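The values are calculated or read from the model by the stated rules, or taken from the named source; none is laboratory data. What you are looking at is a predicted structure, and each value in this text was computed from that prediction instead of being measured. For neighbour counting, all protein chains shown are included, and Cβ atoms are generated from backbone atoms with ideal geometry for every residue, glycine included. Note: areas computed on protein heavy atoms with side chains; ligands, DNA, RNA excluded. Shrake-Rupley method; radii C 1.70, N 1.55, O 1.52, S 1.80 Å.
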Amino acid sequence: MSVQTTTESKPLIGKAGSLLLIAGGTTVLSSEAVQVKMEELASYGPTILKFLIPLLLLPLLLYTRLAIPLRFAYNCFIKPFFVRSKHLISAQDARKAKLEAFYSGQADLYDSTRSTLLKGRENMLALLAAHLKAQPEPLSLRQSSQSKKKIWVDLGGGTGWNIEKMDEYLPLTYFDSIYLIDLCEPLLEVARARIKARGWKNVYVLCQDASNFVLPEWESGEMDPRGSLRAITMSYSLSMIPPFYQLLDRCDQVLDPQRGLMGVVDFYTSGDGGNKERAIGTASKRVSWLAKWFWECWFSLDGVNLHASRRDYLEYKMGTIKTYNARNNFLDSWFIQIPYYVFVGCSRRRDASLALESFTKEAGNQKGLNTFGLRTPISPFGTPPLSSPDTFGMPNLDLGPSVYNKSDKLMKGKEGEIEMQETLVDAGAPLSPFHYHLKKAWRVPYLEEKVHEQFRTHIYGWTWEDPAVDVKKLNITKDDHILAITSAGDNVLHYALAASPARIHAVDMNPCQGHILELKLAAIHALDYNDFWLLFGEGRHPEFKKLLTQKLSPYLSSHAYAYWLSHDTQFSRNFYFRGYSGWALRLAQIAFFLSGVRKDVKKICKASTIAEQEKIWNKKIRPIFLGRWMVKLFLGNPMFNWHALGVPQNQMNCFLQDGTVEDYIKATLDPIPKLTTLKDDNYFFFLCLNGRYTRSSCPAFLKPEGFRALKNGKATNAIKSHTDTILNVLRGLPDGSLTKIIVMDSMDWFDPIDPSTPLPTSQSGALDTLNSTPEASLEHLRSELDYEIIEMLRVLAVGGLAIWRSAAKRPWYIQRFQLAGFKVQPIDIREDGQAIDRVNMYASFWKAEKIA
């Protein structure tokens, strides 16, 4: 079958024509005679010629500076319009002719002119290399004497730039064979020259259509095409290949279902994709209708198609491991930002059963089994994964079960659009990148909610509760099953290190807090101690972005990786001065500077005795914190307390019932210098004053011995990080499955409930279920402490404890626990100027025991 098409015959003007004036001027000015004459003229006195000489030299300067940009602009934006219709040829020949016409005049400039335009290529290759190195070989293959060839195919690889760059992240000798496939001969000529110059022996160039490429090993019968490739990459080529359904079907068929990985980087435009986007974690990829229209029109002039159907079908066909969205600000202007994405995925036939078991069985993630209260919307993760290639059914290699052949069912509405919701259900495989995670599954899958968009960064960069006191006074042991608030992850890691509990459910509604915990866990297992210390001891690392992609990424969820990639500057200077809690440290530094006590702050951080600490505190630093302006403008200001310290108005009301703001500050801070030296033991206040830890004053997991114990042991396997409310997580756990619930000071946040109000029955639903969305329901959650207490009673085993700290000495909600049948007792109450722990930030410490 042939189609009517257009291809280049001969341009009406060529490069010489378009640059005729500049070329002519250059020729004249570069002649020896003219240069001699100009030197003679320059020796005369000030005449008009001296002012004309710079103007005469301008064409030469312009040529040397603009020759490459002008060639690029001409070939990309002018030359494509000067084409003439030609005779009927095949669709493949038409594509080949069009590509060669487009690149024939700029092939030698391709790499130098695309370095700023095609962003994300290096990161895609580094990310792919990291995951190739990190994924374990199947046990059956390790036990076998025969190993499968490792083949990498770079589709639309052009000049071979990707292959040369990959050698920086993963030696090319890792692969037995590397094939660069492209349909454009001018670019392939550059690739062949590059291969010859580098002396690569396992790299081969094939001039083929990417949508039906064939490798020599397939033709010779040496290998079965199905599942034969270890890696496939497409760098800004998916958007340029018209039969993309056929292309992606073919990639799915030939990619190794258990070890193969696929990397893609490309431009895109997209709107709201619904649950699919919330599951994969790409809700941030939305672009405005104006940007969508502009970039689609602009790139279509060069034959680049940015319709959302291409990326949609990629994410439908392949399982997502990592993906993120970014903007290419190549002109350093806020209004010209080209959206692009990076994707690393695998076959949906990959066995995800272990991950699914980890999320449902080990994490107790049973949401949806009842209809009470605020619940995450129906999850698309529940469909069992396809754990065997036999159940998938390998299609014919020529095309396969493509949307391209099911247009009646899927291609509805505008051309190329897909009813993705129906298709994804039919796919019968989990959507979430959590299910294809290569390393330890710490993060429990979650859907991106609108409420999560309110958390642009973390609130707490470090944890304000003393975990050593928790372990000692709560008698935490290896048999415990604990639910705790994530915060910055410090306490969770201390519990794992000091007691190795059987299970730790770390819960936080703010995804950024979960990202911090994930980063710490990943760093423990992927980095050496020096890098780990620089990150979380010093709070900065000069090569954090490199570490993130090349070492940490296989251990991070796609959500966490994307977050830290866009927040990599948090470790450029000092992580602990970032986030909302960082504002408190910044204020303290400013206050010390303005008050002239910076030297005294350094002295108290170096003090060797308690007496020396007390002296410096009482004479120099205490007057700063208790100064009238500090109390009224900041420490007594509800707005500052919430945004910088994470203290809401309800919690302020708790301590105001016992006295004034000044009373609370005195009771909190005055006992600290008397307790222990900051430089040796009290790392909480040492960090606040010093801005970073030292080896002698830091959390236990930051010490060399603690780091080694967590890295070499299995204690971190017990951690499951939930991005949800405490109430939701409790409702997803089985009866009697927990022994301790440590909710820190979160109960102070609830609105007080009238003591005469009876507890709701366990069969009644929370008010937030009535004609409400999860986002709107969250607004009512603060007044629903009773439902949380009821769930605690159900989930705790007999003898299990609910533990909290409070800004009040006797918080109002004790009565609600007693009403539910708990036995409530104080562990410690702050009296007579004595500290209850090294932080001493709270007035009391309580436990509620479930009795038979």
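Below, the figures for the structure above:
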quantity	calculated
Residues satisfying the stated conditions in region 467-505, i.e. in contact with a helix residue (DSSP H, G or I) (Cβ under 8 Å, 6 or more places away or on another chain), in a loop (DSSP other than H, G, I, E, B) and open to solvent by less than 20 Å² (accessible area, probe 1.4 Å)	476, 480, 486, 487, 488, 489, 501
Filter result for the condition that a residue is at pLDDT below 70 and touching a helix residue (DSSP H, G or I) at 6+ places or on another chain (Cβ under 6 Å), over 370, 305, 365	365
In region 515-564, the residues that are touching an Asp or Glu at 6+ places or on another chain (Cβ under 6 Å), in a helix (DSSP H, G or I) and open to solvent by less than 10 Å² (accessible area, probe 1.4 Å)	544, 560
Given (1) in contact (Cβ under 8 Å) with a residue 24 or more places away in the chain; (2) touching a His at 6+ places or on another chain (Cβ under 8 Å), number of the condition residue 533 does not satisfy	(2)
Residue 202 being touching a strand residue (DSSP E or B) at 6+ places or on another chain (Cβ under 9 Å) and open to solvent by 20 Å² or more (accessible area, probe 1.4 Å)	yes
Any chance residue 173 is surrounded by fewer than 17 Cβ atoms within 10 Å (Cβ to Cβ), of a type outside the set (Gly, Ala, Ser) and touching a residue at least 24 places away in the same chain (Cβ under 8 Å)	yes
Some residue of region 201-224 being among the basic types (Lys, Arg) and more than 17 Å from residue 318 (Cβ to Cβ)	yes
Per-region count, region 608-646, residues farther than 20 Å from residue 590 by Cβ and either among the β-branched types (Val, Ile, Thr) or in contact with a Cys (Cβ under 9 Å, 6 or more places away or on another chain) (or both)	2
So residue 546, is it over 21 Å from residue 719 (Cβ atoms) and of a type in the set (Lys, Arg)	yes
Index of the failed condition, residue 464 passing every other in (1) farther than 19 Å from residue 672 by Cβ; (2) surrounded by fewer than 24 Cβ atoms within 10 Å (Cβ to Cβ)	(1)
Residues (in a loop (DSSP other than H, G, I, E, B), within 21 Å of residue 229 (Cα to Cα) and out of contact with any strand residue (DSSP E or B) (no Cβ under 8 Å at 6 or more places or on another chain)) located in region 167-199	170, 171
Residue 786 outside any loop (DSSP other than H, G, I, E, B) and not assigned by the TED database to the domain that holds residue 479	no
Test: residue in region 646-657 that is in the same structural domain as residue 529 (by the TED database), assigned to a loop (DSSP other than H, G, I, E, B) and either open to solvent by 30 Å² or more (accessible area, probe 1.4 Å) or within 25 Å of residue 514 (Cα to Cα) (or both)	no
Pair list, Cβ < 6 Å and 6+ apart or interchain, from region 217-228 residues that are among the small types (Gly, Ala, Ser) to residues that are buried (at least 16 other Cβ atoms within 10 Å of the Cβ)	227/256; 227/257; 228/254
Which numbered condition residue 796 misses (of (1) surrounded by 15 or more Cβ atoms within 10 Å (Cβ to Cβ); (2) closer than 21 Å to residue 476 by Cα; (3) touching a Phe, Trp or Tyr at 6+ places or on another chain (Cβ under 7 Å))	(3)
Counted residues, region 570-609 - those being of a type in the set (Val, Ile, Thr), touching a helix residue (DSSP H, G or I) at 6+ places or on another chain (Cβ under 8 Å) and exposed (fewer than 15 other Cβ atoms within 10 Å of the Cβ)	0
Of all residues in region 795-821 being of a type outside the set (D, E, K, R) and in a helix (DSSP H, G or I), the one that is nearest to residue 651 (Cα to Cα)	814
Residue, modelled with the lowest pLDDT, within region 322-362, restricted to residues that are assigned to a strand (DSSP E or B) and of a type in the set (D, E, K, R)	327
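One line per residue, one yes/no per condition, for (1) over 30 Å from residue 668 (Cβ atoms); (2) surrounded by fewer than 16 Cβ atoms within 10 Å (Cβ to Cβ); (3) modelled with pLDDT of 90 or more; (4) out of contact with any Ser or Thr (no Cβ under 8 Å at 6 or more places or on another chain):
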position	(1), (2), (3), (4)
726	no, no, yes, no
781	no, no, no, no
801	no, no, yes, no
807	no, no, yes, yes
839	no, no, yes, yes
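Condition check ((1) open to solvent by 20 Å² or more (accessible area, probe 1.4 Å); (2) on the phi < 0 side of the Ramachandran plot; (3) assigned to a helix (DSSP H, G or I)) across all residues:
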site	(1), (2), (3)
664	yes, yes, yes
677	no, yes, no
681	yes, yes, no
684	no, yes, yes
705	yes, yes, yes
708	yes, yes, yes
730	no, yes, yes
733	no, yes, no
